[in-house]
Number of protein chains: 2
Amino acid sequence: KKESNPNYSNRGMTLEEDLNETNRFYCSRNIAIVHKKPTPVQIVQVDYPRRSAAVIKEAYFKQSSTTDYNGVYKGRYLDFEAKETKNPSSFPLQNFHEHQIAHMTQILEQDGICFVILSAFGHIYLLPAGRLIHFWERMKDGGRKSITKAEIEDSGTLIPIGLHPRIDYIKAVEALYF
Amino acid sequence: KKESNPNYSNRGMTLEEDLNETNRFYCSRNIAIVHKKPTPVQIVQVDYPRRSAAVIKEAYFKQSSTTDYNGVYKGRYLDFEAKETKNPSSFPLQNFHEHQIAHMTQILEQDGICFVILSAFGHIYLLPAGRLIHFWERMKDGGRKSITKAEIEDSGTLIPIGLHPRIDYIKAVEALYF
Ligand SMILES: [Mg+2]
Ligand SMILES: [Mg+2]
């Protein structure tokens, strides 16, 4: 591995923070417009105090039926989920949910660009959704419940880590899909 | 106006419900994959009762920095906002916010397909974002604070109302952008 791509682990930042910074960078330079979707919440009770803003008094986190990020790059639809593991040798598929896999399948059928950004083994990878769906199907057919490190190195594209943007995934998108 | 496009008003359904039904129809037939984004909420306090789900005890509605709907159609990125007015003669621009106009401008620069769906004057129109931005700029330059009925009939595309899907906006998208 090149020294220009140092280990991603233990930087004190979360993958989500790094992706948000990256998306702000892309947005500010008109490179791509990508946003994280708001966390879905089931609202049960709202108070409307006089002269002040409505207060949500009871609500619950809902499972999202889609992925976390979507947006546009050169007119094309981009859609991805970001996940991390501390597992040193494989990426557990339990990090994904059936409805997310179903959503990714639909996006691919509609010719959208769909992938996952994986933080694993000290690196960041872009894994195309088609490959993830392949490993998911293998599990459903009784196979292993994870993707091995070798499989990720083989099927994924290493994303360079930098300062600004931190996770330059559009470089990998450009190389893979354009 | 043709009888096949009866008045949209007073049907007891909201525009949002009709669009959600339409998007479910598109999704189930692989015509397009479009979702409404979750309402953004600022979470202040969460309780974690033992053996049960986390309960959000204090939260506030946040202004969205984007539009309400986005998704993919034939690989292209789709992005739109839906708005209604009861005003019989014009569409007030106060229905939109500066940051939504800024978002639409960025989407157009990235070659995304961006528009608004307007419920007005008993009909549903697709108005391309470029036209909305034009009327918004006119207001900022000291001009009128609304879009006249004649301007909407001129700049917008009438969307046929049906039972299933209720608001077949992809027909207008296909005619205008493909
Ligand atoms: Mg997630
Ligand atoms: Mg709205």
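Conditions tested, residue by residue: (1) polar (S, T, N, Q); (2) in contact (Cβ under 8 Å) with a residue 60 or more places away in the chain.
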| site | (1), (2) |
| --- | --- |
| A:Lys57 | no, no |
| A:Thr66 | yes, no |
| A:Gly75 | no, no |
| A:Pro92 | no, no |
| A:Asn95 | yes, no |
| A:Ala102 | no, no |
| A:Ser119 | yes, yes |
| A:Tyr125 | no, no |
| A:Arg144 | no, no |
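Considering (1) modelled with pLDDT under 90; (2) of a type outside the set (Asp, Glu); (3) assigned to a helix (DSSP H, G or I), the lone condition that B:Asn20 does not fulfil carries the number (1). Among the residues of region A:122-137, is there at least one that is within 18 Å of the chain's Cα centre (by Cα), more than 14 Å from chain B (Cβ to nearest Cβ), among the acidic types (Asp, Glu) and surrounded by fewer than 17 Cβ atoms within 10 Å (Cβ to Cβ)? Among the residues of region A:122-137, not one is within 18 Å of the chain's Cα centre (by Cα), more than 14 Å from chain B (Cβ to nearest Cβ), among the acidic types (Asp, Glu) and surrounded by fewer than 17 Cβ atoms within 10 Å (Cβ to Cβ), which makes the answer no. Exactly one residue among A:Ile107, A:Ile147, A:Ile113, A:Ile161 is within 16 Å of ligand 1 (Cβ to nearest atom) and among the β-branched types (Val, Ile, Thr), and that residue is A:Ile107. Taking region A:61-78 as the range and being more than 30 Å from A:Val44 (Cα to Cα) and either within 10 Å of ligand 1 (Cβ to nearest atom) or charged (D, E, K, R) (or both) as the test, the residues that pass are A:Lys74, A:Arg76. Of all residues in region A:47-70, those satisfying the criterion of being more than 7 Å from every other protein chain (Cβ to nearest Cβ) and not charged (D, E, K, R) are A:Tyr48, A:Pro49, A:Ser52, A:Gln63, A:Ser64, A:Ser65, A:Thr67, A:Tyr69. All of (1) assigned to a strand (DSSP E or B); (2) within 14 Å of another protein chain (Cβ to nearest Cβ); (3) in contact with a Ser or Thr (Cβ under 7 Å, 6 or more places away or on another chain) hold for B:His103 with one exception: (1). Answer with yes or no whether B:Asn10 is at pLDDT 95 or above, more than 9 Å from chain A (Cβ to nearest Cβ) and not in a strand (DSSP E or B). It is false that B:Asn10 is at pLDDT 95 or above, more than 9 Å from chain A (Cβ to nearest Cβ) and not in a strand (DSSP E or B). Is there a residue being farther than 26 Å from B:Leu158 by Cα, modelled with pLDDT under 95 and crowded, with 18+ Cβ neighbours inside 10 Å anywhere in region B:63-72? Yes, there is a match, as at least one residue in region B:63-72 is farther than 26 Å from B:Leu158 by Cα, modelled with pLDDT under 95 and crowded, with 18+ Cβ neighbours inside 10 Å.
Would you check if there is a residue in region B:99-113 being within 21 Å of B:Tyr26 (Cα to Cα), surrounded by 21 or more Cβ atoms within 10 Å (Cβ to Cβ) and in contact with a Lys or Arg (Cβ under 6 Å, 6 or more places away or on another chain)? Yes. Residues in region A:74-95: is at least one of a type in the set (S, T, N, Q), away from ligand 2 (no atom under 16 Å from the Cβ) and within 14 Å of another protein chain (Cβ to nearest Cβ)? Within region A:74-95 (the criterion being of a type in the set (S, T, N, Q), away from ligand 2 (no atom under 16 Å from the Cβ) and within 14 Å of another protein chain (Cβ to nearest Cβ)), the answer is no, since none of the residues qualifies. Filtered by the rule that a residue be over 20 Å from A:Tyr69 (Cβ atoms) and modelled with pLDDT under 95, region A:131-178 gives a lone residue, A:Leu163. Can you find a residue in region B:35-46 that is farther than 15 Å from A:Ile56 by Cα, facing chain A (nearest Cβ under 7 Å) and loosely packed, with under 14 Cβ neighbours inside 10 Å? Looking for residues that are farther than 15 Å from A:Ile56 by Cα, facing chain A (nearest Cβ under 7 Å) and loosely packed, with under 14 Cβ neighbours inside 10 Å, one finds none in region B:35-46, hence no.
Checking every residue in region B:144-153 against the condition of being assigned to a strand (DSSP E or B) and either surrounded by fewer than 14 Cβ atoms within 10 Å (Cβ to Cβ) or on the phi > 0 side of the Ramachandran plot (or both) gives at least one match.
The values are calculated or read from the model by the stated rules, or taken from the named source; none is laboratory data. No experiment lies behind these values; they were computed from the predicted model shown. So basically every Cβ, Gly included, is an ideal-geometry build from the backbone, and we count neighbours across all protein chains shown.
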